[in-house]
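Undergrad: Provided herewith is a single structure, encoded as structure tokens, for subsequent inquiry.
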Amino acid sequence: MGIAGLDQRFPIHRIYCVGRNFAAHAREMGGQPDRAPPFFFAKPADAVIQADRVPYPHRTSELHHEVELVVALNSGGRGLTAGDATACIYGHAIGVDLTRRDLQSEAKAAGRPWETAKAFDASAPISDIVPVAGTGHPRQGAIRLKVNGELRQSGRLEDMIWPVPEMLAELSSYFELQAGDLVFTGTPAGVGRLLPGDRVQATIDGLGSLEFEMDG
Ligand code: MN
């Protein structure tokens, strides 16, 4: 994927995602926010899409947007401390964790896996990576998503239940993190439906914006 201001590409290894990392979003999904350990799921590396137009997925009548801070790693390891994990971060991007909410709700109710809800083709629109070397680590600031100019999601990075360093440390207790890994770090409240033709604009302070249109 692209790197802001550079001709180089960032080769993707894996995409990890964290669930329920903002209290207000946990509540809107019917859960109770707490400091229980974060839980993780994954998308395939080729789910990333960097394009003006994103294909609208089949087999859903409830496609949802989830704007998220994405962390890109250029080194890794197992059993990392929060400090070790921070040193592995190459940069950050703005991502949208596209979700077939109807299929996710069915899967949750039936105790089934989430792949059809979360890991479909082009389910991870993402901006170019902004290297830490340029802007440091965005730990506070606004994270927002608009649809057709209307503000849908609005949160603050400092309101994450699990801040990025601690979350990466926890993730590294399950998986050996590697260069090329991307981590979607959870979405603030306000998730909602996308329709074909919708224009999406996602922003995070310090990282610019990600814009795309849902194809019909
Ligand atoms: Mn998400």
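Undergrad: Assigning unit charges at the beta carbon (Lys, Arg +1; Asp, Glu -1) and nothing else, what dipole magnitude in debye, to the nearest 20, does the chain show about its Cα centre? Walk me through the numbers on the way to the answer.
TA: Numbers: 21 positive and 27 negative charges, 74 e Å.
Rounded to the nearest 20 debye, it is 360 debye.
Undergrad: Here's another thing I want to ask about it. Trypsin sites (Lys or Arg not before Pro) within region 133-216: which are DSSP loop residues with at most 15 other Cβ atoms inside 10 Å?
TA: Of the trypsin sites (Lys or Arg not before Pro), the ones in loops of region 133-216 whose Cβ has at most 15 other Cβ atoms within 10 Å are R139.
Undergrad: Report the calculated FRET efficiency for S61 and N148 (r = Cβ-Cβ distance, R0 = 22 Å), to the nearest 0.05.
TA: Working from the Cβ atoms, E equals 0.70.
Undergrad: While we're on this one: When the accessible area of the chain is split by element with a 1.4 Å probe, what percent falls to carbon and sulfur?
TA: Answer for the chain: carbon and sulfur cover 48 percent of the accessible area.
Undergrad: Any chance you could look up the accessible area of E115 with a 1.4 Å probe, heavy atoms only, rounded to 10 Å²?
TA: E115 exposes around 110 Å² with every protein chain in place.
Undergrad: Keeping all protein chains in place and using 1.4 angstrom, which order do D102, D181 fall into by accessible surface area, from largest down?
TA: The ranking, largest first, comes out as D102, D181.
Undergrad: Could I ask something else about it? Quick check: residue separation of E176 and A24 times 0.36 nm, minus the Cα distance between them. What number comes out in nm?
TA: Numbers: separation 152, 0.36 × 152 = 54.72 nm, distance 3.05 nm.
Using 0.36 nm per residue and subtracting the Cα-Cα distance, I get 51.7 nm.
Undergrad: On to the next question. Cross-link partners among lysines for K108, C-alpha distance below 26 Å, same-chain residues fewer than 8 apart left out?
TA: Answer for K108, where 26 Å is the Cα cut-off: K43, K118, listed by chain and number.
Undergrad: Also, quick follow-up: Give the ranking of Y174, Y90 by solvent-accessible surface, highest area first, calculated with a 1.4 Å probe.
TA: Solvent-accessible surface, decreasing: Y174, Y90.
Undergrad: Let me ask something additional. With the Cα gyration tensor of region 10-111 giving a ≥ b ≥ c as the square roots of its eigenvalues, does the rule (a/c under 1.5 for rounded; else a/b larger than b/c for prolate; else oblate) give rounded, prolate or oblate?
TA: Working: a/c = 2.08, a/b = 1.24, b/c = 1.69.
Since a/c reaches 1.5 but b/c is at least a/b, the shape of region 10-111 is classed as oblate.
Undergrad: Give the accessible surface of region 15-215 per residue, rounded to a whole number of Å², with probe radius 1.4 Å and ligands, DNA and RNA excluded. Display every interim value, and only then the final one.
TA: On the way: 8440 Å² over 201 residues.
Dividing the accessible area of region 15-215 by its residue count gives 42 Å².
Undergrad: Lys/Arg Cβ at +1, Asp/Glu Cβ at -1, dipole of the chain taken about the Cα centre: which of A179, H137, N21 is farthest positive-ward?
TA: Of the options given, the answer is N21.
Undergrad: Would you mind classifying the chain by shape? Square roots of the alpha carbon gyration tensor eigenvalues, ordered a ≥ b ≥ c; an a/c under 1.5 is rounded, otherwise it is prolate if a/b is larger than b/c and oblate if not.
TA: rounded
Undergrad: Now for a separate question. What does DSSP give for region 15-215 in terms of the percent of beta bridges that are antiparallel, rounded to the nearest 5?
TA: 85
The values are calculated or read from the model by the stated rules, or taken from the named source; none is laboratory data. Source: prediction; values computed, not measured. All Cβ positions, even for glycine, are placed from backbone atoms using ideal geometry, and neighbour counts span all protein chains on display. Just so you know, the surface numbers come from the protein's heavy atoms only, side chains and all, with ligands and any DNA or RNA stripped out. Shrake-Rupley method; radii C 1.70, N 1.55, O 1.52, S 1.80 Å.
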